[in-house]
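Trainee: Attaching a single structure in structure tokens format; questions to follow.
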Amino acid sequence: MTAQRDGMAELTEALGGRLAFGADYNPEQWPEEVWDEDVALMRAAGVTMVSVGIFSWALLEPEPGKHDFGWLDRVLDRLHAGGIHVDLATATASPPPWFLLEHPDAALVDGAGVRRTFGSRQAYCPSSPAFRGAAVRMAGAMAERYADHPAVVMWHVSNEYADHNWHCYCDVSAAAYRDWLRDRYGSLDALNDAWATAFWSQHYTDWEQIGPPREVSYNSFANPGQQLDWWRFSSDAQRDLFRAEAAAVREHSDAPLTTNFMGFFKPLDYRGWAAEQDIVSNDHYLIGAEPDRTQHLAMTADLLRSLAGGRSWLLMEHSTSAVNWQPRNLAKVPGEMRRNSFQHLARGADGVMFFQWRASRGGAEKFHSAMVPHAGTESRLWRDVCRLGDDVRAIAEVAGSRVAPASVALLFDWPSWWAATLDSHPSVDVDPLVTARAWHKVCWGRNIGVDVIGPADGLEGYDVVVLPVQYLLDDATVARLTAYVRGGGTLVATYFSGIVDEHDHIRLGGYPGALRDLLGIRVEEFHPLPEGETVPLAGLKEGVGRVWSELGRATGAEVVASYAVGPCAGAPAITRHAVGRGMAWYVGTELTAEALDEVADEVLGAVEPVVEGLPAGVEAVRRLGAEASYLFVVNHTHETVIVPIDGVDLLGGSTGAPHVVKAGDVAVIRQP
Ligand code: GLA
């Protein structure tokens, strides 16, 4: 469900038609003399908006109920005088030291029952009424004071909910969990049934007997139903806190509001959050050592656009260069920050923001890159920041345009992800995100547009729908997938999909119970592979499977490839089943990149890329505006590329056709 309100369009208007460009701004880390220089440099870099006050609670409320807003008044006034707009935080991301002293029972408790202490950030229990009360009061006080401040154009509620406190196992949380379970199940009978408590003597006769899945007896497993519901509950508990804080802001202000997501962040099912954002926003950080980090960025941006219902969204944070929290914090190579930024913009972001404006001189993040590095403005990084500011200004007209409809939908569902990765499963090597990334990568490499959709999203218009390890499927989704294929769609389901219902109960009678008929196959037994081993497949040129194999047979499907050796020799590994006017493919193992490419040639062969004929490593995405379309080209390669397209490059200024995009360079080509 998408929010009714297009807060991103409101923001663009408030920014005078410019894209959001800026960063988290933490002036409280600096003496006031620096603030004037900050504003001057922001102007020089083309900054339009900064996020202020995210971690300022302790300075804004130094004693319970006593506020000191003076310094923030002066910051906001200075920013306003300099023409810089503000995304103002509720300042509730991390409580001050006094809070946990006053409310020791609001501190985070881990699964072993140990209370975590103050000293970092976000060390609170999300279900704590004391925390909620204090955060709501603070959020309300901020909104009341600054709702009419002319610099403030949007609200930033808390920050990255759950980043450091995703599950709290304290007694308060336990009680909240029981309430949540009562709501979900209505009766203990229903809960006992859903959790299969007949197993291991777990039958409950009183709600008070139920607790969170804290650490259990040695070398054993907590009840899977209890675990799965715990993930659900914990995501909802964080959302309830967001709702309470957002409501406190909305009492005083109509400006659009957001809380920043973290892409494929496992603890929060953002599908249940997105509709409550006026602006859907995201923080994305590359894992510097990852060869496929660029594709990870693209897939995350595709998720964000899907969460925003296809509308524009906001990149709230990324880094200008290195971060501080990876084992080796690799600096970005020249041009990488610019390419990263344009990937987000291409995929629907109407702004690029960073963490943070000025690199800190103290604190845990002092080695995190920023827009103003420790070296100051005599630096390549600063020059790159200013250049990006120019670029962002040059393409302002793309604001509000929509990314052209995608041809492929990748189904990615949080509850299924949680359930698929619980313990006591056939193999620890099964990871829905890995499989999803592999399928996104073959599309990305071919410049085929992908939406990352949820089970309730519509399937109309997609040429291909992919289910990567969609372990948990409810009946309604199965019915819609079946109708999609009958109507002419192409479905690809991988191994370990359709195995259980929403209670994590096996769908009996042969795997994959939910999809057996649609796929025309029946699997009797899983044969996951030993760590690092592969199994050759007969029927493909480059056929090798990893992670998984299984013993089954086709009951209507055509066998495309089968296991060549081993206990499953001769059994189907890849099948396709003509159903109605469509086709349902099944891939029963994790394909190596080469094998997947070969299968993708078949499955995606008829799907049109955004632009024909671009070499690998050149990313192309089209955004459609009311009067023009914009082809974003990001050249990740070391070679110049010729783009056979007629139009005007908003960045380089070249007109006509073709366009030359140099190694590592970016173009945004406007076409009527
Ligand atoms: C997150 C937080 C920021 C900062 C950055 C560092 O995105 O929101 O406060 O810690 O990470 O990468």
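Trainee: Collect the residues in segment 105-144 that are open to solvent by 70 Å² or more (accessible area, probe 1.4 Å), in contact (Cβ under 8 Å) with a residue 60 or more places away in the chain and not in a helix (DSSP H, G or I), keeping them in residue-number order.
Mentor: Answer for segment 105-144, where residues must be open to solvent by 70 Å² or more (accessible area, probe 1.4 Å), in contact (Cβ under 8 Å) with a residue 60 or more places away in the chain and not in a helix (DSSP H, G or I): just SER120.
Trainee: While we're looking at this one, here's another question. Given the criterion within 26 Å of the chain's Cα centre (by Cα) and away from the ligand (no atom under 16 Å from the Cβ), identify the matching residue among SER427, SER369.
Mentor: Of the residues listed, the single one that is within 26 Å of the chain's Cα centre (by Cα) and away from the ligand (no atom under 16 Å from the Cβ) is SER427.
Trainee: Under the condition of being within 16 Å of the ligand (Cβ to nearest atom) and touching a helix residue (DSSP H, G or I) at 6+ places or on another chain (Cβ under 8 Å), which residue from segment 282-294 is most open to solvent (accessible area, probe 1.4 Å)?
Mentor: First, the residues of segment 282-294 that are within 16 Å of the ligand (Cβ to nearest atom): 282-290, 293.
Still in the list and also touching a helix residue (DSSP H, G or I) at 6+ places or on another chain (Cβ under 8 Å): 282, 284, 286-287, 290.
Values: ASN282: 2, HIS284: 10, LEU286: 21, ILE287: 76, GLU290: 52 Å².
It comes out as ILE287.
Trainee: Next question. Is it true that some residue in segment 469-485 is modelled with pLDDT of 95 or more, in contact with a Phe, Trp or Tyr (Cβ under 9 Å, 6 or more places away or on another chain) and in a helix (DSSP H, G or I)?
Mentor: yes
Trainee: Scan segment 502-531 for residues that are aliphatic (A, V, I, L, M) and touching a residue at least 12 places away in the same chain (Cβ under 8 Å) and jot them down.
Mentor: ALA514, LEU515, LEU518, LEU519, ILE521, VAL523, LEU529
Trainee: Just a yes or no: is a residue in segment 264-285 in contact with a Gly (Cβ under 7 Å, 6 or more places away or on another chain), of a type in the set (Val, Ile, Thr) and over 23 Å from ALA436 (Cα atoms)?
Mentor: Within segment 264-285, the subset in contact with a Gly (Cβ under 7 Å, 6 or more places away or on another chain) is 271, 278-279, 282, 284.
Filter once more, keeping what is of a type in the set (Val, Ile, Thr): 279.
Keeping just the survivors that are over 23 Å from ALA436 (Cα atoms) gives 279.
So far as segment 264-285 goes, yes, one or more of its residues are in contact with a Gly (Cβ under 7 Å, 6 or more places away or on another chain), of a type in the set (Val, Ile, Thr) and over 23 Å from ALA436 (Cα atoms).
Trainee: Could you tell me whether segment 145-168 includes any residue that is among the charged types (D, E, K, R) and under 31 Å from the mean Cα position of the chain (by Cα)?
Mentor: yes
The rows are residues; the columns are (1) open to solvent by 20 Å² or more (accessible area, probe 1.4 Å); (2) over 30 Å from ASP474 (Cβ atoms).
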| site | (1), (2) |
| --- | --- |
| CYS386 | yes, yes |
| ILE395 | no, yes |
| GLY400 | yes, yes |
| ALA406 | no, no |
| ALA409 | no, no |
| PHE412 | no, no |
| ALA419 | no, no |
| HIS425 | yes, no |
| ASP429 | yes, no |
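Trainee: I'd like to check something: does segment 414-427 contain any residue that is touching a residue at least 60 places away in the same chain (Cβ under 8 Å), touching a strand residue (DSSP E or B) at 6+ places or on another chain (Cβ under 6 Å) and over 30 Å from GLU502 (Cα atoms)?
Mentor: no
Trainee: A further question on this structure: Can you work out which of the residues in segment 308-317 that are touching a helix residue (DSSP H, G or I) at 6+ places or on another chain (Cβ under 6 Å) and open to solvent by less than 10 Å² (accessible area, probe 1.4 Å) is nearest to the ligand (Cβ to nearest atom)?
Mentor: Of all residues in segment 308-317, those touching a helix residue (DSSP H, G or I) at 6+ places or on another chain (Cβ under 6 Å) come to 312-313, 315.
Pick out the ones that are also open to solvent by less than 10 Å² (accessible area, probe 1.4 Å) and you get 313, 315.
Numbers: TRP313: 16, LEU315: 11 Å.
Checking each candidate, the answer is LEU315.
Trainee: Which of the residues that make up segment 24-58 are away from the ligand (no atom under 16 Å from the Cβ), open to solvent by 20 Å² or more (accessible area, probe 1.4 Å) and either part of a helix (DSSP H, G or I) or closer than 26 Å to ARG387 by Cα (or both)?
Mentor: Within segment 24-58, TRP30, GLU32, GLU33, VAL34, ASP36, GLU37, ALA40, LEU41, ARG43, ALA44 qualify.
Trainee: Which of the following residues is out of contact with any Pro (no Cβ under 7 Å at 6 or more places or on another chain) and surrounded by fewer than 22 Cβ atoms within 10 Å (Cβ to Cβ): PRO327, PRO256?
Mentor: Among PRO327, PRO256, only PRO327 is out of contact with any Pro (no Cβ under 7 Å at 6 or more places or on another chain) and surrounded by fewer than 22 Cβ atoms within 10 Å (Cβ to Cβ).
Trainee: Scan segment 198-228 residue by residue and report those that are open to solvent by less than 40 Å² (accessible area, probe 1.4 Å) and aromatic (Phe, Trp, Tyr).
Mentor: Within segment 198-228, TYR204, TRP207 qualify.
Trainee: Kindly provide the set of residues from segment 369-384 that are buried (at least 20 other Cβ atoms within 10 Å of the Cβ) and either under 11 Å from GLN356 (Cα atoms) or touching a Phe, Trp or Tyr at 6+ places or on another chain (Cβ under 7 Å) (or both), ordered by number.
Mentor: SER369, ALA370, MET371, VAL372
Trainee: Same structure, new question: Does ALA578 meet the test of being out of contact with any helix residue (DSSP H, G or I) (no Cβ under 8 Å at 6 or more places or on another chain), open to solvent by 30 Å² or more (accessible area, probe 1.4 Å) and within 26 Å of TYR511 (Cβ to Cβ)?
Mentor: yes
Trainee: Working only within segment 253-274, note down all residues that are part of a loop (DSSP other than H, G, I, E, B), within 15 Å of the ligand (Cβ to nearest atom) and in contact with a helix residue (DSSP H, G or I) (Cβ under 8 Å, 6 or more places away or on another chain). It would help to see each step written out before you state the result.
Mentor: Applying the first criterion (part of a loop (DSSP other than H, G, I, E, B)) to segment 253-274 yields 253-256, 259, 262-269, 273.
Filter once more, keeping what is within 15 Å of the ligand (Cβ to nearest atom): 259, 262-265, 267-268.
Scanning segment 253-274 gives THR259, GLY263, PHE264, PRO267, LEU268.
Trainee: May I ask you to verify whether VAL136 is in contact with a strand residue (DSSP E or B) (Cβ under 6 Å, 6 or more places away or on another chain) and either among the basic types (Lys, Arg) or more than 21 Å from ASP269 (Cβ to Cβ) (or both)?
Mentor: Working: in contact with a strand residue (DSSP E or B) (Cβ under 6 Å, 6 or more places away or on another chain): no; either among the basic types (Lys, Arg) or more than 21 Å from ASP269 (Cβ to Cβ) (or both): yes.
Considered against the rule, which asks whether it is in contact with a strand residue (DSSP E or B) (Cβ under 6 Å, 6 or more places away or on another chain) and either among the basic types (Lys, Arg) or more than 21 Å from ASP269 (Cβ to Cβ) (or both), VAL136 comes out as no.
Trainee: Would you say ALA301 is more than 12 Å from the ligand (Cβ to nearest atom) and either surrounded by 24 or more Cβ atoms within 10 Å (Cβ to Cβ) or over 21 Å from ALA616 (Cβ atoms) (or both)?
Mentor: Spelling it out, ALA301 is indeed more than 12 Å from the ligand (Cβ to nearest atom) and either surrounded by 24 or more Cβ atoms within 10 Å (Cβ to Cβ) or over 21 Å from ALA616 (Cβ atoms) (or both).
Trainee: How many residues are in a helix (DSSP H, G or I) and under 15 Å from TRP418 (Cα atoms) if we restrict to segment 215-252?
Mentor: If we filter segment 215-252 for residues that are in a helix (DSSP H, G or I), which is where we start, we get 224-250.
With the extra rule that they be under 15 Å from TRP418 (Cα atoms), the set shrinks to 224-236.
The total comes to 13.
Trainee: Given the condition touching a Lys or Arg at 6+ places or on another chain (Cβ under 8 Å) and within 12 Å of the ligand (Cβ to nearest atom), answer yes or no: does some residue in segment 348-360 qualify?
Mentor: Yes: segment 348-360 contains one or more residues that are touching a Lys or Arg at 6+ places or on another chain (Cβ under 8 Å) and within 12 Å of the ligand (Cβ to nearest atom).
Trainee: Go through TRP231, TRP195 for me and flag whichever is closer than 30 Å to LEU315 by Cβ, surrounded by 15 or more Cβ atoms within 10 Å (Cβ to Cβ) and among the aromatic types (Phe, Trp, Tyr).
Mentor: Values: TRP195 fails: closer than 30 Å to LEU315 by Cβ.
None of the others qualify; the one that does is TRP231.
Trainee: Sort through THR534, THR482, THR494 and tell me the only one that's open to solvent by 50 Å² or more (accessible area, probe 1.4 Å), β-branched (Val, Ile, Thr) and in contact (Cβ under 8 Å) with a residue 12 or more places away in the chain.
Mentor: Residue meeting the stated conditions: THR534.
Trainee: Kindly provide the set of residues from segment 66-104 that are of a type in the set (A, V, I, L, M), without any contact (Cβ under 8 Å) to a residue 40 or more places away in the chain and open to solvent by 40 Å² or more (accessible area, probe 1.4 Å), ordered by number.
Mentor: Residue satisfying the conditions is LEU101 alone.
Trainee: Taking segment 372-412 only, how many residues are within 16 Å of the ligand (Cβ to nearest atom) and within 24 Å of the chain's Cα centre (by Cα)?
Mentor: 0
Trainee: Right, next: Please indicate, with yes or no, whether at least one residue in segment 292-313 is in contact (Cβ under 8 Å) with a residue 24 or more places away in the chain and in a strand (DSSP E or B).
Mentor: yes
Trainee: Which fully enclosed helices (runs of 4 or more DSSP H) of segment 336-446 have 3 or more residues being at pLDDT 95 or above and among the acidic types (Asp, Glu)?
Mentor: 380-394
Trainee: Ok, one more. Determine which member of the set GLU627, GLU594 is assigned to a loop (DSSP other than H, G, I, E, B) and open to solvent by 70 Å² or more (accessible area, probe 1.4 Å).
Mentor: Testing whether each residue is assigned to a loop (DSSP other than H, G, I, E, B) and open to solvent by 70 Å² or more (accessible area, probe 1.4 Å) leaves just GLU627.
The values are calculated or read from the model by the stated rules, or taken from the named source; none is laboratory data. Small disclaimer: the values here were computed from a predicted structure and weren't measured. With ideal geometry, Cβ positions are generated from the backbone for all residues, glycine too; neighbour counts draw on all protein chains shown. SASA here: full protein model, heavy atoms, side chains in, ligands and nucleic acids out. Shrake-Rupley method; radii C 1.70, N 1.55, O 1.52, S 1.80 Å.
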